[in-house]
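Since the structure comes first, as structure tokens, the remarks are kept for the end.
Bear in mind that the values in this text are calculations on the coordinates, not laboratory data. Keep in mind the model is a prediction, meaning the values are calculated, not measured. Heads up, the Cβs are rebuilt from the backbone with ideal geometry, glycines too, and the neighbour counts pull from every protein chain shown.
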Amino acid sequence: MSAAPLQLPHLEGVEAAKRAAAYAAVDNHVNHTHKIIGVGSGSTVPYVVERIVQQGANVNADRWFVPTGFQSKELIIKSGLRLGDVDNYPEIDVTIDGADEVDSKLNCIKGGGACHLREKVLAEAAATFIVVADYRKESKLLGDNWKQGVPVEVAEFAYAKVLRQLVKMGSTNAVLRMGKMKAGPVVTDNGNFVIDAAFPEAVMRDPQDLLQRIKLLTGVLEVGLFCNMAKAAYFGNQDGTITSKL
Ligand code: 5RP
């Protein structure tokens, strides 16, 4: 007897948009030859995993899934997929991840969930890096929509010095990211802090230059600017259609 098809909840608005983007990315970029798959973080990625599960237990039995953090690790395990590790699989076929903002050249701001160090490792380890997002994330210039600033993961010991240097570098608002209850700083999966540093439009026009300058500051582990990394981005619209950029 064949199993009854899984009934998925009907979604509307932003959630429908996220699901549409995720499904399009999987349908276009994850095929049966892909054995090592990087799974990103955030609220769009669960739909990526949902679609991958729909590709069937037979295909997935032969694959390993590498997470970008605690959340995606749990997602992989709960979805019944095989959990891999970047130590074992430093070469990934395809990584699919969300983004906080994506510009017309597919440069991204990432790290709204403080996972950008591991996310960048898996994006760089992948032959193909694909971004999935809802319509609110698409912009002409990074910083237009994501006002919180560029996420910078920093060693705890160095945070005050780096914060000061970011201000000297022209940041109009650099703050240590605090937890929801404001009782203490957010601590990443790697045990570090995150600074969110906003920069004026003139600086944001060259995200690659900004990325390189911030990375040179001692104590900085990674910057949430992903430049020239994504091969394609899929933006879901409210009506369930998608806009793709290649
Ligand atoms: C986490 C990230 C996420 O991918 C980003 O915040 C997008 O999340 P969502 O899909 O919930 O909009 O970079 O560090």
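The mean sequence separation of alpha-carbon pairs under 8 Å and at least six residues apart, normalised by the residue count of the range 51-122, gives a relative contact order of 26 percent. Under 5 Å between amide hydrogens, built in the peptide plane, is the criterion, and for V150 it picks out A197, A198, F199 among residues at least 5 positions away or on other chains.
How far is the Cα center of the range 114-157 from the Cα center of the range 167-206, in Å? Cα centroid to Cα centroid, the span is 13 Å.
Measuring nothing but how far apart in sequence close Cα pairs (under 8 Å, 6+ apart) lie, relative to its length, the chain scores a relative contact order of 25 percent.
Listed by chain and number, the lysines whose alpha-carbon sits under 28 Å from that of K231, ignoring those within fewer than 8 places in the same chain, are K18, K35, K73, K105, K110, K120, K137, K140, K147, K215, K245. Take the Kirkwood radius over Cα pairs of the range 1-66, plug it into Stokes-Einstein at 25 °C and 0.890 mPa s, and you get 191 µm²/s for translational diffusion. Taking only the C-alpha atoms of the range 130-203, the Rg (one decimal) and the largest Cα-Cα distance, Dmax (whole number), read 13.7, 38 Å.
Taking the inverse of the mean reciprocal distance over all distinct Cα pairs, the Kirkwood hydrodynamic radius of the range 41-153 comes to 14.7 Å. Report, to the nearest 10°, how far helix 159-168 tilts away from the longest principal axis of the Cα atoms in the chain, using its own Cα long axis and a range of 0 to 90°. Value to nearest ten degrees: 70. Taking Lys and Arg as +1 and Asp and Glu as -1, the other residues whose beta-carbon sits under 10 Å from that of A16 total -2. For the range 33-83 and the range 89-109, what is the separation of their Cα centres, given in Å? Between the Cα centre of the range 33-83 and that of the range 89-109, the gap is 16 Å. Binning all Cα-Cα separations of the chain at 5 Å, short to long from zero, yields these whole-percent fractions: 1, 7, 14, 18, 19, 16, 12, 8, 4, 2, 1, 0, 0, 0. The value of relative contact order for the range 155-230, using C-alpha pairs under 8 Å at least six residues apart, is 32 percent.
Rounded to the nearest 10 degrees, the angle from helix 116-125 to the longest Cα principal axis of the chain is 60 degrees. If every alpha-carbon in the range 28-81 counts as one equal scatterer, what log10 I(q)/I(0) does Debye give at q = 0.20, 0.25, 0.28, 0.31 1/Å? These q points yield log10 I(q)/I(0) values of -0.64, -1.02, -1.27, -1.50.
Summing +1 for each Lys or Arg and -1 for each Asp or Glu, what net charge is found among the other residues whose Cβ lies under 12 Å from the Cβ of G219?
On the way: positive: K161, R164, K215; negative: E153, E156, E222.
It works out to a net charge of 0.
Segment K35..N237, full-extension length gain: 69.7 nm, with 0.36 nm per residue of separation and the alpha-carbon distance subtracted. Residue order for H32, H116, H10, fewest other beta carbons within 10 angstrom first, comes to H10, H32, H116. Between the amide H of L221 and those of E153, V154, A155, distances stay under 5 Å, these residues lying 5 or more places away or on another chain, with hydrogens modeled in the peptide plane.
Cβ-Cβ distance of R82 and K161, R₀ of 51 Å, FRET efficiency by 1/(1 + (r/R0)^6): the value works out to about 0.75. The C-alpha atoms of the chain define a longest principal axis, and helix 13-29 lies at about 70 degrees to it.
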